[in-house]
Amino acid sequence: MITIRDYIVLFLVWLTSTILIRTLIKKRFSPRLPPSPLALPIIGHLHLLAPIPHQALAKLASKHGPLIHIRLGSVPFLVASSPKIAKEVLKTNEVSFSDRPQTLAIDYLTYGSKDFSFAPYGPYWKFMKKLCMSQLLGGQTLDILEPIRRDEVNTFLRFMYEKAKVGSSVDVGSELIRMTNNVISRMLMSERCSGDGNEGGELVRKLVQEIAEVSGKFNLSDYIWFCKNLDLQGFGKRLKEVRNRFDEMMKRIIDEHESERRNKGKLKGGIANDLLHILLDISEDEKSEMKLTRENIKAFILVKFMPFFFLYNFVIYNLQKGRSAIYLVSFLINIFLYYFNISNNPQSKINK
């Protein structure tokens with residue numbers, strides 16, 4: 001007579017056999033991984049990265065070798081800690097490691113990675129790179145939009161002159177960031193984002209700053225697999241709210257641009273007022289190699305804003321740490337030159 005105990009024994013034998021077989025198959029066919037420190041269940045190696053991550057990784061490399069495998073929660077990472085291994089990753093096997101890791105916030109805010117910076121390596125990424133080099137950020141476009149940069153620099157200098165006349169103190173780093181943000185905002189979509197008392201521009205600044213903040217915060221769902229469908233930190237609700245506001249803002253701006261295009265005619269063969277006009281031209285071009293959607297355009301605009309609000313937070317942090325204005329000014333000028341790719345002939349561009 002079969003008892004409940006017999007059923008339990010049979011179940012345990014079946015369960016043990018299944019686990020052993022799956023483990024052996026996985027071990028046989030899975031790729032060989034580099035050395036790895038002892039991991040904890042669920043959190044993996046997250047506990048080893050405190051308090052300073054790059055120093056913690058250096059200690060792990062000195063113990064386990066120049067190439068190690070770690071898991072942050074359930075997400076696997078390779079850590080290359082020598083020039084030779086870094087060359088293998090960044091040059092020899094560049095294509096295999098070319099995609100950026102996707103977080104929940106970035107994927108949602110960019111409409112499923114439909115921008116350029118976070119798009120997976122493939123035909124769309126190659127198309128957008130070619131587009132940036134030839135039209136969006138090429139020398140001819142930057143020359144056409146030069147009056148915007150000149151106007152913002154003159155506005156900055158007038159502001160500094162007025163403050164100097166009355167002997168008032170000025171936060172030079174913050175004002176440089178404000179000027180740079182306005183240059184980028186006007187080049188992208190013909191709207192200043194701060195400094196002119198424009199309510200719409202202030203809304204742009206606050207919204208994009210909020211997007212930069214929420215996209216950079218630690219989200220447990222990005223690292224712990226069983227938390228992906230659980231909004232434990234209220235992240236999902238805030239992301240939806242922020243993107244809905246961004247959609248409303250971009251709808252207004254795109255509608256204004258399309259109205260201007262209807263009144264003045266398409267800008268093909270003419271002078272584009274900003275990058276958004278160029279993107280709209282490409283989206284309406286039937287002969288284009290790829291069709292740009294409204295989501296592609298909005299994601300491109302959003303991602304191009306974010307680095308400059310990172311710079312704003314960088315300046316505030318360094319001023320609080322007592323860094324000199326000369327240090328910050330030199331850093332900002334280097335970033336500005338790098339972003340606009342004018343380092344080959346900086347003097348001529350500065351003179352403009």
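Values as computed for the structure displayed
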quantity	calculated
Residue pairs meeting the criteria (Cβ under 8 Å; at least 6 apart or on separate chains; first closer than 17 Å to S117 by Cβ and in the same structural domain as L279 (by TED's automatic domain parsing), in the range 128-146; second outside any helix (DSSP H, G or I) and of a type in the set (A, V, I, L, M))	M128/A119
Residue ID - nearest to the chain's Cα centre (by Cα), chosen from residues in the range 133-144 that are surrounded by fewer than 17 Cβ atoms within 10 Å (Cβ to Cβ) and not in a loop (DSSP other than H, G, I, E, B)	M133
Some residue of the range 221-244 being crowded, with 20+ Cβ neighbours inside 10 Å, touching a helix residue (DSSP H, G or I) at 6+ places or on another chain (Cβ under 9 Å), part of a helix (DSSP H, G or I) and among the acidic types (D, E)	yes
Selection within the range 48-57 - loosely packed, with under 13 Cβ neighbours inside 10 Å and either aliphatic (A, V, I, L, M) or not assigned by TED's automatic domain parsing to the domain that holds L38 (or both)	A50, I52
Pair list, Cβ < 8 Å and 6+ apart or interchain, from the range 54-69 residues that are closer than 20 Å to L40 by Cβ to residues that are part of a helix (DSSP H, G or I)	A56/L48; A56/L49; L57/L49; L60/L48; I68/L60; I68/A61
Among the candidates I184, I106, residue that is touching a residue at least 12 places away in the same chain (Cβ under 8 Å), over 30 Å from W225 (Cβ atoms) and of a type outside the set (S, T, N, Q)	I184
Every pair of residues 6+ apart whose Cβ atoms lie under 8 Å, when the first sits in the range 274-288 and is in the same structural domain as K298 (by TED's automatic domain parsing) and in a helix (DSSP H, G or I) while the second is β-branched (V, I, T) and surrounded by fewer than 14 Cβ atoms within 10 Å (Cβ to Cβ)	S283/T293
Selected residue [over 16 Å from V303 (Cβ atoms) and at pLDDT below 90] from S98, S62, S81, S113	S98
The one condition in (1) modelled with pLDDT of 85 or more; (2) in contact with a Leu (Cβ under 7 Å, 6 or more places away or on another chain) that S215 fails to fulfil	(1)
F246 of a type in the set (F, W, Y) and at pLDDT below 85	no
Top-ranked residue of the range 177-194 - restricted to ones that are hydroxyl-bearing (S, T, Y) and farther than 20 Å from S259 by Cβ, ranked as surrounded by the most Cβ atoms within 10 Å (Cβ to Cβ)	T180
Meets criteria (in a loop (DSSP other than H, G, I, E, B), on the phi < 0 side of the Ramachandran plot and among the hydrophobic types (A, V, I, L, M, F, W, C)) for F118	yes
Which numbered condition K114 fails, given (1) closer than 28 Å to A58 by Cβ; (2) buried (at least 19 other Cβ atoms within 10 Å of the Cβ); (3) not aliphatic (A, V, I, L, M)	(1)
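The values are calculated or read from the model by the stated rules, or taken from the named source; none is laboratory data. Computed from a predicted model, the values in this text were never measured in an experiment. Methodologically, a virtual Cβ is constructed for each residue, glycine included, from the backbone with ideal geometry; neighbour enumeration extends over all protein chains shown.
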